[in-house]
Amino acid sequence: MTTPSLEELARELEELRFDRFDLNVAWRLGCLVREMADADALPVRIELSVGGNVVFATALPGTTPDNAEWIRRKRNAVMRFHRSSLALRLECEAKGTTLGARFGLDDREFVASGGGVPIATEASGVIGAAVVSGLPDVQDHRLMVRAMRTLLAERRGQAPV
């Protein structure tokens, strides 16, 4: 799977903005990601958080408690920087450093590894994080982005992506 460029990830961040995002939208997005993962028997854990509250969480067969730790660390990175955790990884790699070294962060609390995507609205900006863990990080990222694009297309009355 090809890793997207930082430019592609920046465009994606702008594209994945919701007109509104409430608990019903969160539930639909979480269920959509789970359906996609389940259809391909992917061993992932999925978590959505809004305003500091976990509003959706599920784990599919093949996950371990370690996936919850990866999710927590990816979520922390997304919420601190309002960027995807994959973009953070690529930026650190380009600079030859780590997130911890670059910003003085504890590696037990933050990770620059794909799978965490900001939940943003047009009016408020970043309000939460949508995170997947269990696959190689680019695949985690792509799964969440595919679900978000599909949901945005549904909400706009367009054909699924």
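The values are calculated or read from the model by the stated rules, or taken from the named source; none is laboratory data. None of the values given here were measured: they were computed from a predicted structure. Using ideal geometry, Cβ is built from the backbone for each residue, glycine included, and neighbour counts are taken over all protein chains shown.
Determine, yes or no, whether LEU16 is under 25 Å from GLY125 (Cα atoms), surrounded by fewer than 18 Cβ atoms within 10 Å (Cβ to Cβ) and in contact with a helix residue (DSSP H, G or I) (Cβ under 7 Å, 6 or more places away or on another chain). Don't jump to the end; show me each part of the working.
Numbers: under 25 Å from GLY125 (Cα atoms): yes; surrounded by fewer than 18 Cβ atoms within 10 Å (Cβ to Cβ): no; in contact with a helix residue (DSSP H, G or I) (Cβ under 7 Å, 6 or more places away or on another chain): yes.
Spelling it out, it is not the case that LEU16 is under 25 Å from GLY125 (Cα atoms), surrounded by fewer than 18 Cβ atoms within 10 Å (Cβ to Cβ) and in contact with a helix residue (DSSP H, G or I) (Cβ under 7 Å, 6 or more places away or on another chain).
Determine which member of the set ALA94, ALA101, ALA87, ALA77 is of a type in the set (A, V, I, L, M) and free of Cβ contacts under 8 Å to residues at least 12 places away in the same chain. Give the steps one after another, and end with the answer.
On the way: ALA94 fails: free of Cβ contacts under 8 Å to residues at least 12 places away in the same chain; ALA87 fails: free of Cβ contacts under 8 Å to residues at least 12 places away in the same chain; ALA77 fails: free of Cβ contacts under 8 Å to residues at least 12 places away in the same chain.
Step by step, each of ALA94, ALA101, ALA87, ALA77 is checked, and only ALA101 is of a type in the set (A, V, I, L, M) and free of Cβ contacts under 8 Å to residues at least 12 places away in the same chain.
Looking only at region 30-53, count every residue that is aliphatic (A, V, I, L, M) and either exposed (fewer than 15 other Cβ atoms within 10 Å of the Cβ) or out of contact with any helix residue (DSSP H, G or I) (no Cβ under 9 Å at 6 or more places or on another chain) (or both) and tell me the total.
First pass over region 30-53, keeping only residues aliphatic (A, V, I, L, M): 32-33, 36-37, 39, 41-42, 44, 46, 48, 50.
Filter again for either exposed (fewer than 15 other Cβ atoms within 10 Å of the Cβ) or out of contact with any helix residue (DSSP H, G or I) (no Cβ under 9 Å at 6 or more places or on another chain) (or both), leaving 39, 41.
Counting residues in region 30-53 that are aliphatic (A, V, I, L, M) and either exposed (fewer than 15 other Cβ atoms within 10 Å of the Cβ) or out of contact with any helix residue (DSSP H, G or I) (no Cβ under 9 Å at 6 or more places or on another chain) (or both) gives 2.
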| Quick check: is even one residue across region 37-45 farther than 14 Å from GLY115 by Cα, of a type outside the set (A, V, I, L, M, F, W, C) and without any contact (Cβ under 8 Å) to a residue 60 or more places away in the chain? | yes
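Per-residue answers, yes or no, for (1) among the basic types (Lys, Arg); (2) surrounded by 13 or more Cβ atoms within 10 Å (Cβ to Cβ); (3) in contact with a Phe, Trp or Tyr (Cβ under 7 Å, 6 or more places away or on another chain); (4) on the phi > 0 side of the Ramachandran plot:
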position: THR121; (1), (2), (3), (4): no, yes, yes, no
position: GLY134; (1), (2), (3), (4): no, yes, no, yes
position: VAL145; (1), (2), (3), (4): no, yes, no, no
position: ARG155; (1), (2), (3), (4): yes, yes, no, no
| When GLY52 is evaluated against the numbered criteria (1) touching a Gly at 6+ places or on another chain (Cβ under 9 Å); (2) at pLDDT 95 or above, which criterion, by number, is the only one it fails? | (2)
| request: Just give me the residues in region 60-117 being surrounded by 17 or more Cβ atoms within 10 Å (Cβ to Cβ) and basic (Lys, Arg), in sequence order. | output: ARG72, ARG73, LYS74, ARG75, ARG83, ARG89
| message | Considering only residues that are polar (S, T, N, Q), part of a strand (DSSP E or B) and under 15 Å from the mean Cα position of the chain (by Cα), which ones fall in region 9-68? | response | SER49, THR58
